[in-house]
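One structure is given below, encoded as structure tokens.
The values are calculated or read from the model by the stated rules, or taken from the named source; none is laboratory data. Keep in mind it's a predicted model, so treat the numbers as computed, not measured. Every residue, glycine among them, receives a Cβ derived from its backbone with ideal geometry; neighbour counts consider all protein chains shown. Surface areas here come from the heavy atoms of the whole protein model, side chains and all, with no ligands, DNA or RNA. Shrake-Rupley method; radii C 1.70, N 1.55, O 1.52, S 1.80 Å.
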Amino acid sequence: MSAQTASGKALRLGIAGLGTVGIGVVKIVQRHAEMLEARTGRPVVITAVSARDRSKNRDADLSEYAWETDPVALATRDDVDVFVELMGGHEGAAKDAMLAALKAGKDVVTANKALLAHHGQALAELAETEGRVIRFEAAVAGGIPVIKTLTEGLAGNRLRRVMGVMNGTCNYILTRMEDAGLPYDVVFEEANQLGYLEADPNLDVGGIDAGHKLAILASIAFGTKVAFDHVQLEGIGRISIDDIRRASDMGYKIKLLGVAQMTGRGLEQRMTPCLVPASSPLGQLTGGTNMVVLEGDSVGQIVLRGAGAGEGPTASAVMGDVLDIARGLRLATFGQPATTLEEAQPAVSAAPAAYYLRLNLMDKPGALAKVAAVLGEAGISISRMRQYGHADTAAPVLIVTHKTTRDAIDLAVGNFLPTGVVEGDAIAIRIEEL
Ligand code: NAP
Ligand code: HSE
């Protein structure tokens, strides 16, 4: 326990960003003041806050706090010990204020996965030079304490694989499409109305937000510099209600699944739609809930499940970080000194996997044989196949392959159209082994 803690000196927070998460943090500090002091041995107080529009009606009493319109001014105030960045965005105000805070000798707590995914290494190095800490539990999987689990609980393990569903909006859209039998566009609009989507919806449905989170976890798990640019990304926009229903017929669910693993060839990071067994924990995950699966050489597999977003869960994670600082816990940003993190050698996933293929087969003699021939020529063996009734000129055909490579699948998909018996593009989705 630090000398500061023993003296019971207050820990003073400056909070920039008074939206969903910021107001959630204010409420916890106000509601649980006595409990926070009892747990850390010192008062945890807010001294100053910042947002763009001071006149906005917010769901908390802010009258006791100094107001700064400029977050950099807030970050460098003498009466702020910890700068709590809850504005968002990987450039501009959030980045400028965080840099200013570290240089001014403040510790930083943030929920900003985009900023860490793009500038995590530089920020971590600056924090170390300045003798400060950056904590970011809320940046990955909202209320689930996955950063703490990786950096502390599993610190004695060599991590084998990190995977999970880390974007609640995508999981909501996919499960709602299935439950209500609604097409993607309708459910997307529903999610929009419910306020689930980021200001730029492509961050969610394009897989970018979840890719940011995966890159952060991979850095901690494998001791490498955050390498978001090397995450293989694919969103959920091309997943149709037909795919969801038919995958379900074959015993699978479609998830936007992140997988990071260190192989002999380098670091694989992919955030793509995958099929997972319907009976698996990931297959049973519904709505906006997140799930992270961690595999270590000693511990085996750990599954963490919980709310990945929202005021309460995200503020809970922010407060966990604040209290660690209040207690004097000072960990390196990504679990080890930033200068010892290695450059990640990017590797494209070459490990064979089974694939789900959906194609529209024309009602012509020998059509199925031609498709089978294309697969055979690509070295792909069929495990299961199902043909549905003809609608007009074509019938949907589903094929589950035996294990094969992505290259072989891409070759086959490219060769379907020239056969003249397949209508439109075939869909190929990897089936993930859990
Ligand atoms: P939000 O509701 O949009 O709130 C953003 C806040 O930042 C607003 O109060 C806004 O001010 C303020 N702000 C934005 N730009 C600013 C600037 N240039 N100067 C001063 N203030 C500025 O966002 P949020 O949902 O709370 O998210 C905050 C952070 O948490 C983001 O990094 C996000 O990715 C992360 N996060 C959010 C969730 C979640 O469930 N919402 C979950 C995990 C992580 P005004 O109110 O005046 O406009
Ligand atoms: N847009 C994110 C999600 C918010 O849907 O999971 C939490 O990071």
Pull up the DSSP beta bridges for the chain and report the antiparallel fraction as a percent, rounded to 5. 65
Using a 1.4 Å probe on the protein heavy atoms only, what accessible surface does Ser383 show? Give it in Å² to the nearest 10. 60
Computed P(r) (all Cα pairs; region 231-320; 5 Å bins; percent): 3, 11, 16, 20, 20, 17, 9, 3, 1
Using only Cα atoms, find the angle between the long axis of helix 367-377 and the longest principal axis of the chain, and express it within 0 to 90 degrees, rounded to the nearest 10. 60
Counting each pair of different Cα atoms once, what's the Kirkwood radius of region 337-377 in Å, rounded to one decimal? 14.8
Nearest-0.05 FRET efficiency for Asp425 and Asp185, computed from C-beta distance (R0 22 Å): 0.75
For the residue pair Arg265 and Ala10, what label-to-label distance in nm results when each label sits 7 Å from Cα along the Cα-to-beta-carbon direction? 5.7
Rh_Kirkwood(region 9-107) over Cα pairs, Å, one decimal, evaluates to 13.5
State, to one decimal in nm, how far the label point of Gln345 lies from the label point of Ala278, with both points 7 Å from Cα in the Cβ direction. 4.2
Along Cα→Cβ, 7 Å out, is where each label goes; now give me the distance between the ones at Leu417 and Ser381 in nm to one decimal. 3.1
Please report, largest first and rounded to whole Å, the three semi-axes of the ellipsoid equivalent to the chain, where each semi-axis is the square root of five times an eigenvalue of the C-alpha gyration tensor. 46, 23, 17
I need the P(r) histogram for region 200-279: all alpha carbon pairs, bin width 10 Å from 0 out to the longest distance, whole percents. 19, 42, 29, 10, 0
Report the full-extension gain for the segment Ala391 to Ser55: residue separation times 0.36 nm, less the Cα-Cα distance, to one decimal in nm. 115.2 nm
Dipole size in debye (nearest 20) for region 82-157 around its Cα centre, Lys and Arg Cβ +1, Asp and Glu Cβ -1? 100
Just to make sure I understand: if all protein chains stay in place, what is the order of Val299, Val371 by accessible area at 1.4 Å, largest first? Val299, Val371
Using the heavy atoms of the protein chains alone and a 1.4 angstrom probe, what is the accessible area of region 199-271 per residue in square angstrom? 31
Probe of 1.4 angstrom, ligands and nucleic acids ignored: what's the accessible area per residue over region 306-434, in square angstrom? 46
Taking amide hydrogens as modeled 1.01 Å from N in the peptide plane, which residues meet the under 5 Å criterion relative to Lys253, leaving out close sequence neighbours? Val276, Ala278
Under the Karplus relation 6.51 cos²θ - 1.76 cosθ + 1.60, θ = phi - 60°, what is the ordered set of whole-Hz ³J(HN,Hα) values for region 29-44, x standing for Gly and Pro? 4, 6, 6, 10, 3, 5, 5, 5, 5, 4, 6, 10, x, 7, x, 10
Cα-Cα pairs of region 70-169 separated by more than 17 Å (percent): 55
When only Cα pairs under 8 Å and 6 or more residues apart are kept, what is the percent relative contact order across region 318-434? 34
Quick one: if the Förster radius is 30 Å, what FRET efficiency do Thr286 and Asp200 give, using the C-beta to C-beta distance and rounding to 0.05? 0.75
Mind checking the angle between helix 406-416 and the chain's longest principal axis? C-alpha axes, 0 to 90 degrees, to the nearest 10. 50
Computed accessible area, His390, all protein chains, 1.4 angstrom probe, square angstrom: 90
Accessible area, 1.4 Å probe, largest first: how do Glu343, Glu91 sort? Glu343, Glu91
State, to one decimal in nm², a quarter of the convex hull surface area for the C-alpha atoms of region 272-379, i.e. the direction-averaged projected area. 12.9
Could you give the radius of gyration (one decimal) and Dmax (whole number) of the Cα atoms in region 318-434, in Å? 23.3, 74
Kindly list the residues of region 45-73 that lie in the label zone of Glu91, defined by a backbone N under 19 Å from the point 7 Å along the Cα-to-C-beta vector. 71-72
Which net charge results for the neighbourhood of Gly379, defined as the other residues with beta-carbon distances under 14 angstrom from its beta-carbon, given Lys and Arg at +1 and Asp and Glu at -1? -1
For the chain, the percent of accessible surface on carbon and sulfur atoms (probe 1.4 angstrom, ligands and nucleic acids excluded) is 49
In the structure shown, do any of Lys253/Lys403; Lys9/Lys56; Lys27/Lys95; Lys225/Lys255 have a Cα-Cα gap over 23 Å, and if so which? Lys9/Lys56; Lys27/Lys95; Lys225/Lys255
Probe 1.4 Å, all protein chains present, accessible-area order of Leu233, Leu86, largest first: Leu233, Leu86
Distance histogram for region 162-309 (every C-alpha pair counted, 5 angstrom bins, percent rounded to whole numbers): 2, 10, 20, 23, 20, 14, 7, 3, 1, 0
